[in-house]
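What follows is a set of notes on a single structure, which appears directly below.
The values are calculated or read from the model by the stated rules, or taken from the named source; none is laboratory data. Predicted model, so just to flag it, every value in this text is computed and none were measured. Glycine gets a Cβ as well: all are built from the backbone with ideal geometry, and neighbour counts include every protein chain shown.
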Amino acid sequence: MNNLQLEMNIGIVEGMLYLCGDEGITSKEIQAILELKEEEITILLESLKERLENDVSRGLQLVYLANKYKLATKIEYKEYYTLMVDQSESKLSNAAMETLAIIAYNQPITKLRVEEIRGVNSDAMIRRLQAKALVKDVGREETPGRPVLFAVTNEFMDTFNLKSLEELPPLETKEYKTEENESIFDFKYREDMNDN
């Protein structure tokens, strides 16, 4: 592996770690994707770890937990990240409220299922809700890969003044009626045109 290829592969691995988020990734998974030898993957991970640790302009570090590699914030900058979380605690964004509602109504639920419902990556949003202690990890689903299951916390119940989840307002559903000879596609197309 020449220097250019090494640099590219380090960048690829960093991107993979970012995409994996809290789930992390094993060296075997990286090896399968990059089609490199185990010792080459070790060199890539060690190089990335060293760069992140030694560069004070980087806020992330590479950690190895539960047989997986993950990106995490540097402990020496913890006070700033704590301040950021504290300052944003008073107000939740629409995206945060949407993610929180999906988890509350469907718990326990995996991140993948939340993303299927929202239609966007929800890794950062779930992490933010965990940082605010509104969402917690409640175990793992008994399916391949054993994804983490999320549910709301007692803090969520207190914040929204709920005694139980049964007090959540019922979900509203929209019903669309079409003519007998009209297809759903035609109706959806007309609806989209009216929205413009």
- Conditions (1) at pLDDT 85 or above; (2) touching a Phe, Trp or Tyr at 6+ places or on another chain (Cβ under 7 Å): number failed by L171: (1)
- Note on the structure: Here the residues within the range 133-150 that are part of a loop (DSSP other than H, G, I, E, B) and closer than 21 Å to Y18 by Cα are G145, R146, P147
- Counting only residues that are loosely packed, with under 12 Cβ neighbours inside 10 Å, charged (D, E, K, R) and at pLDDT 80 or above, which one in the range 71-87 is nearest to the chain's Cα centre (by Cα)? K78
- Query: Of the numbered conditions (1) more than 30 Å from L171 (Cβ to Cβ); (2) of a type in the set (D, E, K, R); (3) assigned by TED's automatic domain parsing to the domain that holds R146, E98 satisfies every one except a single condition; which is it?
  - Reply: (1)
- Query: Which one of these is of a type outside the set (F, W, Y), at pLDDT below 80 and not assigned by TED's automatic domain parsing to the domain that holds L52: D186, D158, D123?
  - Reply: D186
